[in-house]
Amino acid sequence: MSAPSAVGAAPATSPWGKRLTALVALAALLVAVRFLPIERWLLDFVAWVRSAGARGMVVFAVAYALLGLFLPGAMLTLGAGFAYGVVVGTAVVCVASNLTAVGAFLLGRTLARDAIAARIGANPRFAAIDRAVGRQGLKIVLLVRLSPLFPFTLLNYAFGLTRVTLRDYLVGSLVGMLPGTVMYVYLGSLVTSLTELAAGRPSGGAVQQAFYFGGLVATVAVTLYVTHVARRALADVTGDEAHAEPAPPVPPSLVQPDDEHNRALLAHVHPPGWTNPTPAARYDLVVVGGGTAGLVSAAGASGLGARVALVERHLLGGDCLNVGCVPSKAMIAAARTAATARETSAFGVRVSGLDVDFAAVMERMRRLRAGIAPHDGAERFTRLGVDVFLGEGRFTGRATLEVDGRRLTFTRAVVATGARATAPPIPGLEDVGYLTNETVFWLTELPRRLAVVGAGPIGCELAQAFCRLGSRVTALEMLPQVLGKEDPDAAAIVERRLRADGVAIVLGARIERAERRGRDKVLVYEAGGARREVACDAILVGAGRAPNVEGLGLEAAGVACGRDGVTVNDYLQTTNRRIYAAGDVASRFRFTHMADALARIVLANALFGGWKKASALHVPWCTYTSPEVAHVGLYAEEAKARGHAVDTLTIPMAEVDRAVLDGDEAGFFRVHLERGRDRILGATLVSAHAGETISEVTLAMTRRLGLATLAGVIHPYPTEAEAIRKAADEYNRGRLTPTVKRVLGWLLAARRRL
Ligand SMILES: Cc1cc2nc3c(=O)[nH]c(=O)nc-3n(C[C@H](O)[C@H](O)[C@H](O)COP(=O)(O)OP(=O)(O)OC[C@H]3O[C@@H](n4cnc5c(N)ncnc54)[C@H](O)[C@@H]3O)c2cc1C
């Protein structure tokens, strides 16, 4: 609400009053120029300054500076040549014309810049030019000034309206106007009388005429050439920005449904109407891919003072925010709540009636996701000083990348393009249609019957979640166990729990084909020697991921890649020493926290010549089923294959009071040690909160702490982390060999006798 005006204050001039005054002044000026003998006065004035020595020079400069505010200065520039010759005339005009330029610039800036700036947002084209001028002001001013065909008088004001700095404007003008000034002054110096000056050429003999016309032709030729070069260079600097269409809006099919939450999400991760900035001359770091690895690289590098460009073709935040960890964990939280509500009677709590509103579950997920999005959003990264480009990035050389028609030149680059879902080659699957993690979170209606292809981490998490939310789920897995890479005992516990929830699991399934029968989708498969089929309303494929390397121009950049992604050495350097890679595109550990950790290694190695190794990391991960399965380091078989002799300790969760009290006793903590040494090689935890609890083991491994040290750590009672302490106690007990026990017994007996 505006404040009331003070009683008795002078009435403010209305904007219409101001405009009318300006119009009248302009009209008067035009009439004066048209009807007054201004040219005659100028000639008289030049004749006077020529005879008035130093005083004339000062008066000339001041007059030039004032007149130049609204008249082209060509006649006076010629006059300076006529009055003072080339050297002195050039000096006088330089001072005067720059005074004019600064005066007009300041007038434009103080009188109109704010009003123009207020409208910049509404006009993307102007905003783009304005940004370009703000960024590369010196270059643009210089190029424009080099071409006398651009009307200087207007330009002086126009630059004042943009965000170019006064310093860039001054330097650009001073240097850029010099060639034109010299040429005009030179032409003026060739005329010998006012009559010639008025005619704009000398009337002397053939030699003088030849000099004059030679100079004129040279002037025109140079002017045309400089204008041509300047215009081309200008187009490079501003043209892209000024003429580029805003990045195409994300087709609605990429984020569905079109509701307030997804619109809020897009406003951050792919703002509609986003205009890419003008690239800097060279970047310290160009990051291709705006998922976790890319965002961590970009934010970290920018925070360290590097000039950074971030290129994302789809949605900032990548898989984790948009189609991975975040939406899946929101769904899982809702599903767990439903499961808990169903199981209350085991706790003596009876709840009557349970109604899962799937649409509300998914709306909650979209709301929470949109709430998290600003952290990964374009606005935040722009504020951090990162140049955010939305568009497909493609290397065009060993140190250049193209995006949206712009060329980015870099000292270092990071490929962080992630991975995508792939479907196994099942005949008929494409025709029948299927969901992947990229589309399953679009659902607003629960599929009554869902077939899940693949029972790896993604398949198991989503199969259990959909089942708990009310779908009839069948999971088909070609391996003999779910969570194929996990400890078989851990996988067996998850399998039992999934079955108890109601998921039908088929192991060793070989899917032969998919077909449509009426409204049903049918998967025909073979398992245990028999051919069977499952009919469903939707098929969810969670059975494979492929690195995003296609169309990246890796060959042009000299970056090698294989089936598993970009080839990197232990320092995450690709076969092009300027280019690094991090995240899913270059690692077999496809987790968000790993993408984060690898990006940090890239920052140290790429920007500061560090020698951090990816192989030095101890990598934990977790599958968020109920119960959760978390792991860090090596599995027993892996450790043996690497030549370690392994001792394994296992503590069932049934021996951990907290798990018993919570009704979560299905699970265990298992730790693998180097035989004869207190060195942890790896550990698996199956428990309600395994993802949280495993960090204690990760810390121990990272800091090279053994179980003996963990045994000395006090753990709150009752918590599931006690499983770790129990394993440590057991390890300590195991260190008591019969001889040591016997010696201790003698000592204690001796003390009793004293
Ligand atoms: C359903 C699901 C659940 C998951 N849950 C978890 C979890 O709970 N915990 C966990 O740790 N991990 C989880 N993950 C894995 C995690 O999402 C990934 O490991 C992580 O997102 C990898 O990050 P990234 O930066 O390497 O790649 P991405 O997040 O995939 O980002 C790569 C980005 O690069 C962009 N891009 C690709 N090519 C180009 C190009 N040419 N030009 C410009 N941009 C390009 C892509 O559009 C994408 O945005 C889950 C994955 C899925 C699918």
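The values are calculated or read from the model by the stated rules, or taken from the named source; none is laboratory data. Worth saying up front: this structure is predicted, and the values here are computed from it rather than measured. Reconstructed Cβ throughout: ideal geometry from the backbone, glycine too, with neighbour counts over all protein chains shown. Accessible surface is based on the protein model in full, side chains and every heavy atom, while ligands, DNA and RNA are left aside. Shrake-Rupley method; radii C 1.70, N 1.55, O 1.52, S 1.80 Å.
Among the residues of segment 581-588, is there at least one that is at positive phi, out of contact with any Gly (no Cβ under 9 Å at 6 or more places or on another chain) and either within 16 Å of the ligand (Cβ to nearest atom) or in a helix (DSSP H, G or I) (or both)?
Scanning segment 581-588 turns up no residue that is at positive phi, out of contact with any Gly (no Cβ under 9 Å at 6 or more places or on another chain) and either within 16 Å of the ligand (Cβ to nearest atom) or in a helix (DSSP H, G or I) (or both).
Condition first: surrounded by fewer than 19 Cβ atoms within 10 Å (Cβ to Cβ) and in a helix (DSSP H, G or I). Now tell me which residues in segment 677-695 satisfy that.
Within segment 677-695, Gly691, Glu692, Ser695 meet the criteria.
Looking at Gln464, is it in contact with a Ser or Thr (Cβ under 9 Å, 6 or more places away or on another chain) and either of a type in the set (Phe, Trp, Tyr) or more than 30 Å from Asn276 (Cβ to Cβ) (or both)?
Against the criterion (in contact with a Ser or Thr (Cβ under 9 Å, 6 or more places away or on another chain) and either of a type in the set (Phe, Trp, Tyr) or more than 30 Å from Asn276 (Cβ to Cβ) (or both)), Gln464 qualifies.
Of a type outside the set (Lys, Arg) and open to solvent by 60 Å² or more (accessible area, probe 1.4 Å) - does that describe any residue in segment 75-84?
No, every residue in segment 75-84 fails to be of a type outside the set (Lys, Arg) and open to solvent by 60 Å² or more (accessible area, probe 1.4 Å).
For the condition without any contact (Cβ under 8 Å) to a residue 40 or more places away in the chain and either more than 12 Å from the ligand (Cβ to nearest atom) or open to solvent by 30 Å² or more (accessible area, probe 1.4 Å) (or both), what is the one hit in Arg369, Arg383?
On the way: Arg369 fails: without any contact (Cβ under 8 Å) to a residue 40 or more places away in the chain.
Result of the check over Arg369, Arg383: Arg383.
In this structure, is Ala330 buried (at least 24 other Cβ atoms within 10 Å of the Cβ) and assigned to a helix (DSSP H, G or I)?
no
Does segment 594-603 contain any residue that is open to solvent by 10 Å² or more (accessible area, probe 1.4 Å), farther than 30 Å from Leu673 by Cα and more than 10 Å from the ligand (Cβ to nearest atom)?
Yes - at least one qualifying residue is present in segment 594-603.
Since Thr400 meets every condition but one in (1) farther than 30 Å from Ala604 by Cβ; (2) free of Cβ contacts under 8 Å to residues at least 12 places away in the same chain, which condition does it not meet?
(1)
Across segment 627-640, what is the total count of residues that are more than 13 Å from the ligand (Cβ to nearest atom) and closer than 30 Å to Ala338 by Cβ?
Residues in segment 627-640 being more than 13 Å from the ligand (Cβ to nearest atom) and closer than 30 Å to Ala338 by Cβ: 1 in total.
Select, from Ala280, Ala309, the only residue that is over 22 Å from Ala370 (Cα atoms), among the hydrophobic types (A, V, I, L, M, F, W, C) and under 9 Å from the mean Cα position of the chain (by Cα).
Ala309
Here are some conditions: (1) charged (D, E, K, R); (2) closer than 20 Å to Gly706 by Cα; (3) in contact with a Ser or Thr (Cβ under 7 Å, 6 or more places away or on another chain). Lys640 meets all but one. Which one does it not meet?
(3)
In segment 50-73, how many are open to solvent by 20 Å² or more (accessible area, probe 1.4 Å) and within 50 Å of the chain's Cα centre (by Cα)?
Result for segment 50-73: 6.
Using beta carbons and a limit of 9 Å, which pairs, at least six apart or on different chains, have the first residue in segment 413-431 and without any contact (Cβ under 8 Å) to a residue 12 or more places away in the chain and over 15 Å from Val403 (Cα atoms) and the second one open to solvent by less than 20 Å² (accessible area, probe 1.4 Å) and more than 10 Å from the ligand (Cβ to nearest atom)?
Glu430/Ala514
Collect the residues in segment 299-327 that are touching a helix residue (DSSP H, G or I) at 6+ places or on another chain (Cβ under 9 Å), away from the ligand (no atom under 11 Å from the Cβ) and either assigned to a helix (DSSP H, G or I) or on the phi > 0 side of the Ramachandran plot (or both), keeping them in residue-number order.
Ala299, Gly300, Ala301, Ser302 - these are the residues of segment 299-327 that are touching a helix residue (DSSP H, G or I) at 6+ places or on another chain (Cβ under 9 Å), away from the ligand (no atom under 11 Å from the Cβ) and either assigned to a helix (DSSP H, G or I) or on the phi > 0 side of the Ramachandran plot (or both).
Looking at segment 634-657, which of its residues are within 15 Å of Ala690 (Cα to Cα) and in contact with a helix residue (DSSP H, G or I) (Cβ under 7 Å, 6 or more places away or on another chain)?
Ile651, Met653, Ala654, Val656
Filter segment 276-298 for residues that are open to solvent by less than 10 Å² (accessible area, probe 1.4 Å), outside any loop (DSSP other than H, G, I, E, B) and either more than 8 Å from the ligand (Cβ to nearest atom) or under 30 Å from Asp357 (Cα atoms) (or both) and give the result.
Hits for segment 276-298 are Tyr283, Leu285, Val286, Val287, Ser297, Ala298.
If a residue counts only when it is surrounded by fewer than 13 Cβ atoms within 10 Å (Cβ to Cβ) and either without any contact (Cβ under 8 Å) to a residue 40 or more places away in the chain or touching a helix residue (DSSP H, G or I) at 6+ places or on another chain (Cβ under 8 Å) (or both), which strands (runs of 3 or more DSSP E) contained entirely in segment 507-572 have at least 2 such residues?
510-517, 530-536
Scan segment 441-461 for residues that are within 16 Å of the ligand (Cβ to nearest atom) and in contact with a strand residue (DSSP E or B) (Cβ under 6 Å, 6 or more places away or on another chain) and jot them down.
Leu450, Val452, Val453, Ala455, Pro457, Gly459
This table checks each residue for (1) closer than 22 Å to Ala421 by Cβ; (2) in contact (Cβ under 8 Å) with a residue 40 or more places away in the chain; (3) open to solvent by 20 Å² or more (accessible area, probe 1.4 Å); (4) within 11 Å of the ligand (Cβ to nearest atom).
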{"site": "Ala339", "(1), (2), (3), (4)": "no, yes, no, no"}
{"site": "Phe347", "(1), (2), (3), (4)": "no, yes, yes, no"}
{"site": "Asp355", "(1), (2), (3), (4)": "no, no, yes, no"}
{"site": "Asp376", "(1), (2), (3), (4)": "yes, yes, yes, yes"}
{"site": "Val388", "(1), (2), (3), (4)": "no, yes, no, no"}
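Residues that are within 21 Å of Arg513 (Cα to Cα) and aromatic (Phe, Trp, Tyr): does segment 422-437 have at least one?
The answer is yes; a qualifying residue exists.
Quick check on segment 607-626: of everything there that is within 16 Å of the ligand (Cβ to nearest atom) and outside any loop (DSSP other than H, G, I, E, B), which residue is farthest from Ala492 (Cα to Cα)?
Per the stated criteria, the residue is Ala614.
Determine which member of the set Pro272, Pro327 is over 12 Å from the mean Cα position of the chain (by Cα), over 12 Å from Val388 (Cβ atoms) and touching a residue at least 60 places away in the same chain (Cβ under 8 Å).
It is Pro327.
Regarding segment 718-728, can at least one residue be identified that is more than 18 Å from Arg675 (Cα to Cα), of a type in the set (Ser, Thr, Tyr) and surrounded by fewer than 16 Cβ atoms within 10 Å (Cβ to Cβ)?
Scanning segment 718-728 turns up no residue that is more than 18 Å from Arg675 (Cα to Cα), of a type in the set (Ser, Thr, Tyr) and surrounded by fewer than 16 Cβ atoms within 10 Å (Cβ to Cβ).
Can you find even one residue in segment 542-558 that is among the charged types (D, E, K, R), more than 30 Å from Met701 (Cα to Cα) and within 16 Å of the ligand (Cβ to nearest atom)? Step through it out loud before you land on a result.
Taking segment 542-558 and keeping what is among the charged types (D, E, K, R), we get 545, 550, 555.
Cutting the leftovers down to more than 30 Å from Met701 (Cα to Cα) gives us 550, 555.
Now narrow it down to the ones that are within 16 Å of the ligand (Cβ to nearest atom): 550, 555.
Taking every residue of segment 542-558 in turn, at least one turns out to be among the charged types (D, E, K, R), more than 30 Å from Met701 (Cα to Cα) and within 16 Å of the ligand (Cβ to nearest atom).
In segment 263-275, what residues are in a helix (DSSP H, G or I), within 16 Å of the ligand (Cβ to nearest atom) and of a type outside the set (A, V, I, L, M)?
Answer for segment 263-275, where residues must be in a helix (DSSP H, G or I), within 16 Å of the ligand (Cβ to nearest atom) and of a type outside the set (A, V, I, L, M): just His268.
What residue, among those in segment 408-440 that are away from the ligand (no atom under 12 Å from the Cβ) and of a type in the set (A, V, I, L, M), is most open to solvent (accessible area, probe 1.4 Å)?
Ranking the qualifying residues of segment 408-440, first place goes to Ala423.
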